[in-house]
């Protein structure tokens, strides 16, 4: 009994230590930046205090949360707002999220922005308790709460464009889609990507895989499984893979490098954030401009005319798009812009379900 | 006893060695002088402190007081490697060989020859053969240890010690696992070693063997050395009395209480190990109410398996009848409820919950019967009260029934077990070494309890290494050898010597197989 | 257990107290190294943790942790390691949510049905591991870990909209339970305390009674202390393995219910995962004792809830994870140290009280018995 008990304790402690390591890096940066926040106060207008609650991973995840952070940083630089950012922990309950939002609201932060649709339930409760505070939630819509703004994106439209790019760049007529977790939001990416690729080449082969299943969406932060899955797809003939898998994307890029194939990033411009040796494989990225949404929302709030209801950030608003850093899509830019124009004009309707 | 004889030839001299463990003093004021080039036997009952003393001499434990001299130089050991460095080697009772390594690999394990980058196996093989020849050990370096017999393995252990330069060899109960021929071979090898000037410390409680091989015998009792004697000048009985410290209490039963009502009938009982070898081979016998059937045998000849099979702990074939009920396929619990009591050989392993208080240990094995339980619940009040009764009746020395079993000395633990198993009027008692490690007074008390229960009609299967106990208590005797009952004897006429030779299979006097 | 012995009780508290102190000390060092004042951090955690709404959150969290730790402890007490509590409760909660949403019954019956479903599913899932151990010799450590994966995948499959789930604002979840299936809570100034807290406490009482007072419990503990001794005493170890795995799994099935019946009313992708592993740590800290586990659960809940305030104050909240990990490691070490010390002191005490033959040549009087 005792021997095995000790073994157990070591296991338990080790897993916790790993969890701590995982979250630690991101948090140190968030602390540093929030520390600096209070000192800076540039520009005119009324100074407001913005509270922002991240999804798991927080600032520094090189993906979704970072994109929100970029919008926040821009708001600070351009508008001189103050902000406070809090992050989530693995395995937490709605009550914890509630407490986090409440903490911000109580601290006088207004507006309070939550990153990620998992905040939906808790935000609804907290918003009701703080009717004079403005709330916004990225990627979701909270019904029946007048002081909550939904900041959503037309991910399928952006994915459509990178689908077009993938099909144009593919020599084998075989492309892949890797999603971080089999959830509806990610299926929206898949639907757009598939439609885009097929618009170029109706008989193109598209391999689709998801790295994890809810509720355990670890596929957003599992580069090893990204590499493995990508290896499989490349071996099966794909030569371009769209990695809509957050932090796991790095694993896909590594696989692409080893197999000398191409990959497409997601959310932010991953050509910029990738390590130097991986840059050549990042053909383009599907941009989901959470930064734009966050910035626009804060800007409107500071101007005294907050955005309300449901705000859809689509191609028209530049809420989604594709990146061209590295110049790999320069040769097909005309086709991409053409596709974009059609969507904006409404002549092409992109499906949002597979 | 004769200090004057301890000349500069002393290979080992221990003076005033004392070793305390929490609550007990395992050794105190040990004085021992082993003359170089002799076989020196160390005798004592189980628990007398022999093993602790040898662990001290081999550097496995540090004495709290006293000095150790090896070949005239005072030494202090921090680990066995220090002891090996001054030429002490040890052969443990349980061999420490890697089964799937060859003899050669086992011997050099831990003292690999050659440079740091390569093993010089040829040199090692040459040395092994040389040592083997020189001491007549007859060890072949190439077979895998798993294929060797017990005697061969023992010689490998000896060779291993010699290979590391041992001049003084400690053998811990070396004959416990051997058959008679192997014992003879071992003794021949020991004489060979002696002739080459090596010193042997021989630990045993088998007095006949000790008298046969030793040049001097030191008796240890209750943790201290009580005498050193010349084997030619003492009888086995005198040695035994030195060991227990008084006139041996006589376990004699006065008159026969044997009835003709069979309580336990065992028919064609066979137990096999995982490889299909028979550990108990077609054994049949009957014990009647009021009868004590003693099983004599060298340890490891199937006694434990026999008891386990009758208890239903081990799978077996054949039939076991309790009075007229066939309990062959019943669970252990059912057998216990039917009135089978069990004093296991290894009380720490099978008989006690060391971390549980005494009263819970009283419940153990009798969970389903009064006074311990009622319905599905443990009846704490009555169980505790009954524990108090056992503590009083069996003289269990403890300040309370709430201390854990681990806090008691071995003898008191044993008294608790005996008291527990004698409770609830069992019909059959399986008693393996019921008085092992118990002091003489308690031993006599346990015997009294057994005799009393026997007079009430209890049937007892008695297994004991103490031949006097066996002969004194039993109404009939059987000898077990390699899983078979090979002989029977009448306790009224048989002597320990006769029984001893029958146990080793050499008994021409055996009255035919059962 | 029956007579209150202040020595024993004192010693039982020494180890966790030691572990806690070590954990606080170690996290203080980390905080100082990171440039923060430890006292400020701990004080703000405490101040935050005692606010009414946070107290409610702590208690609610602790109710799930408590059940999880009890499930683990049942296994621990007989040397079985049910690492699969996590998978068991998630699958159980999933099934309970689906079935609970599909039927309409009067209140108490509806809740009872949900509870029974959860218990049965948890028990079956753990029972598979028990069966494999007994009849196929598969270590329950391996099989329960593997069953976690299978359970997760199974729940994920059931959670696809095509099967049992609905989609609401990007979140997939099972349909909401009708209100008759909600467990009424206790309204307090800090919000609603789950009514299921009462059930958790009752399970704790049941655990205490079963292990301490019943024959079954005795057999279970005996098996845990010494399997050969239990076998010799007539315990059918195979049966006990299966029975205790079923029991452990049944309790594990309850773990998700405080949240399911008290707050979420559905099983979705945001249903908390990992409580099964938290339970292992809590059972270790609480020394498998129902009261100890209760304290440990509350402590864990406090640490989990109050770390949020650190974030607000710009202190890395991962310090709490470090604390939790340290507590678990330190408590195991501390328990072993205390255990050895207790055994020694008891042996000395017994020897001293009996005097005489057991310690014939001890040089000084055995004064050590008075220690502690």
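The values are calculated or read from the model by the stated rules, or taken from the named source; none is laboratory data. Nothing here was measured: the structure is a model prediction, and the numbers come from that model. Positions of Cβ are backbone-derived with ideal geometry, glycine not excepted, and every protein chain shown enters the neighbour counts.
Go over the candidates B:508, B:442, B:514 one by one and state the one that is outside any loop (DSSP other than H, G, I, E, B), in the same structural domain as residue B:266 (by TED's automatic domain parsing) and modelled with pLDDT under 85. Lay out the reasoning, then the answer.
Numbers: B:508 fails: outside any loop (DSSP other than H, G, I, E, B); B:514 fails: outside any loop (DSSP other than H, G, I, E, B).
Criteria check complete, one pass: B:442.
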Check: Taking strands (runs of 3 or more DSSP E) that do not extend beyond segment B:251-358, which have at least 3 residues that are away from every other protein chain (no Cβ under 14 Å)?
Finding: B:262-272, B:278-288, B:292-296, B:317-322
Checklist line | The lone exception for residue A:178 - which of (1) within 22 Å of the chain's Cα centre (by Cα); (2) surrounded by fewer than 24 Cβ atoms within 10 Å (Cβ to Cβ); (3) assigned to a strand (DSSP E or B) it fails | finding: (2)
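Each row is one residue, and each column tells you yes or no for (1) surrounded by fewer than 21 Cβ atoms within 10 Å (Cβ to Cβ); (2) touching a residue at least 12 places away in the same chain (Cβ under 8 Å); (3) in contact with a strand residue (DSSP E or B) (Cβ under 9 Å, 6 or more places away or on another chain); (4) more than 10 Å from every other protein chain (Cβ to nearest Cβ).
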site: C:288; (1), (2), (3), (4): no, yes, no, no
site: C:317; (1), (2), (3), (4): no, no, yes, no
site: C:335; (1), (2), (3), (4): no, yes, no, no
site: C:338; (1), (2), (3), (4): yes, yes, no, yes
Check: within 11 Å of chain A (Cβ to nearest Cβ), over 21 Å from residue C:61 (Cβ atoms), surrounded by fewer than 22 Cβ atoms within 10 Å (Cβ to Cβ) and in contact with a strand residue (DSSP E or B) (Cβ under 8 Å, 6 or more places away or on another chain), is that true of residue C:160?
Finding: yes
Notebook entry, point to check: Does residue C:321 fit the bill of being buried (at least 23 other Cβ atoms within 10 Å of the Cβ), more than 14 Å from chain B (Cβ to nearest Cβ), in a helix (DSSP H, G or I) and modelled with pLDDT under 90?
Noted result: yes
Note to self: Suppose the filter is touching a strand residue (DSSP E or B) at 6+ places or on another chain (Cβ under 6 Å), within 14 Å of chain C (Cβ to nearest Cβ) and either in a loop (DSSP other than H, G, I, E, B) or surrounded by fewer than 22 Cβ atoms within 10 Å (Cβ to Cβ) (or both); does residue A:109 pass it?
What the structure shows: yes
Next item on the list: For segment C:231-249, state whether one or more residues are modelled with pLDDT under 95 and under 19 Å from residue A:125 (Cα atoms).
Entry: no
Note to self: I need the full set of residues from segment B:425-438 which are farther than 30 Å from residue B:334 by Cβ and either surrounded by fewer than 21 Cβ atoms within 10 Å (Cβ to Cβ) or at pLDDT 90 or above (or both), in order please.
What the structure shows: B:437
Checklist line | Members of segment B:360-387 that are more than 10 Å from chain C (Cβ to nearest Cβ) and closer than 20 Å to residue B:450 by Cα | finding: B:362, B:386, B:387
Notebook entry, point to check: Of these, A:84, A:97, A:102, which one is at the interface with chain C (Cβ under 10 Å from one of its Cβ atoms) and either assigned to a loop (DSSP other than H, G, I, E, B) or touching a strand residue (DSSP E or B) at 6+ places or on another chain (Cβ under 7 Å) (or both)?
Noted result: A:84
Check: residue C:139 versus (1) crowded, with 23+ Cβ neighbours inside 10 Å; (2) more than 20 Å from the chain's Cα centre (by Cα); (3) at pLDDT 90 or above; (4) within 11 Å of chain A (Cβ to nearest Cβ): which is the lone unmet condition?
Finding: (1)
Item checked: Residue selected from segment C:288-313 under the condition outside any helix (DSSP H, G or I) and within 21 Å of residue C:202 (Cβ to Cβ), by the criterion farthest from the chain's Cα centre (by Cα) -> C:289
Note to self: If I filter segment B:114-125 for residues that are outside any strand (DSSP E or B) and within 30 Å of the chain's Cα centre (by Cα), do I get at least one hit?
What the structure shows: no
Margin query: Can you go through C:105, C:167, C:132 and tell me which one is within 14 Å of another protein chain (Cβ to nearest Cβ) and more than 23 Å from the chain's Cα centre (by Cα)?
Written below: C:167
Next item on the list: Please state which one of C:205, C:198, C:237 is surrounded by fewer than 18 Cβ atoms within 10 Å (Cβ to Cβ) and within 14 Å of chain B (Cβ to nearest Cβ).
Entry: C:237
Item checked: Residue among B:171, B:190 that alone is over 23 Å from residue B:464 (Cβ atoms), part of a strand (DSSP E or B) and in contact (Cβ under 8 Å) with a residue 60 or more places away in the chain -> B:171
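Every residue, every condition in (1) over 24 Å from the mean Cα position of the chain (by Cα); (2) buried (at least 22 other Cβ atoms within 10 Å of the Cβ); (3) more than 25 Å from residue B:43 (Cα to Cα), yes or no:
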{"position": "B:144", "(1), (2), (3)": "yes, no, yes"}
{"position": "B:150", "(1), (2), (3)": "no, no, no"}
{"position": "B:155", "(1), (2), (3)": "no, yes, no"}
{"position": "B:164", "(1), (2), (3)": "yes, no, yes"}
{"position": "B:172", "(1), (2), (3)": "no, no, no"}
{"position": "B:183", "(1), (2), (3)": "no, no, no"}
{"position": "B:191", "(1), (2), (3)": "yes, no, no"}
Checklist line | Identity of the residue in segment A:139-153, out of contact with any helix residue (DSSP H, G or I) (no Cβ under 6 Å at 6 or more places or on another chain) and within 15 Å of residue A:68 (Cα to Cα), that ends up surrounded by the fewest Cβ atoms within 10 Å (Cβ to Cβ) | finding: A:152
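Quickly run through segment A:226-247 and pick out the residues that are within 21 Å of residue A:64 (Cβ to Cβ), assigned to a helix (DSSP H, G or I) and modelled with pLDDT of 90 or more.
Matches in segment A:226-247: A:226, A:227, A:229, A:230.
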Check: What number goes with the only condition from (1) within 22 Å of residue C:232 (Cα to Cα); (2) surrounded by fewer than 19 Cβ atoms within 10 Å (Cβ to Cβ) that residue B:283 does not pass?
Finding: (2)
Checklist line | residue A:97 surrounded by fewer than 21 Cβ atoms within 10 Å (Cβ to Cβ) and not assigned by TED's automatic domain parsing to the domain that holds residue A:264 | finding: no
Next item on the list: For residue C:57, indicate whether it is surrounded by fewer than 24 Cβ atoms within 10 Å (Cβ to Cβ) and part of a helix (DSSP H, G or I).
Entry: no
Check: Quick one: is residue B:296 assigned by TED's automatic domain parsing to the domain that holds residue B:477, crowded, with 19+ Cβ neighbours inside 10 Å and either over 13 Å from residue B:461 (Cα atoms) or touching a helix residue (DSSP H, G or I) at 6+ places or on another chain (Cβ under 7 Å) (or both)?
Finding: yes
Next item on the list: With respect to residue C:273, determine if the residue is in contact with a helix residue (DSSP H, G or I) (Cβ under 9 Å, 6 or more places away or on another chain), on the phi < 0 side of the Ramachandran plot, assigned to a helix (DSSP H, G or I) and more than 14 Å from chain B (Cβ to nearest Cβ).
Entry: no
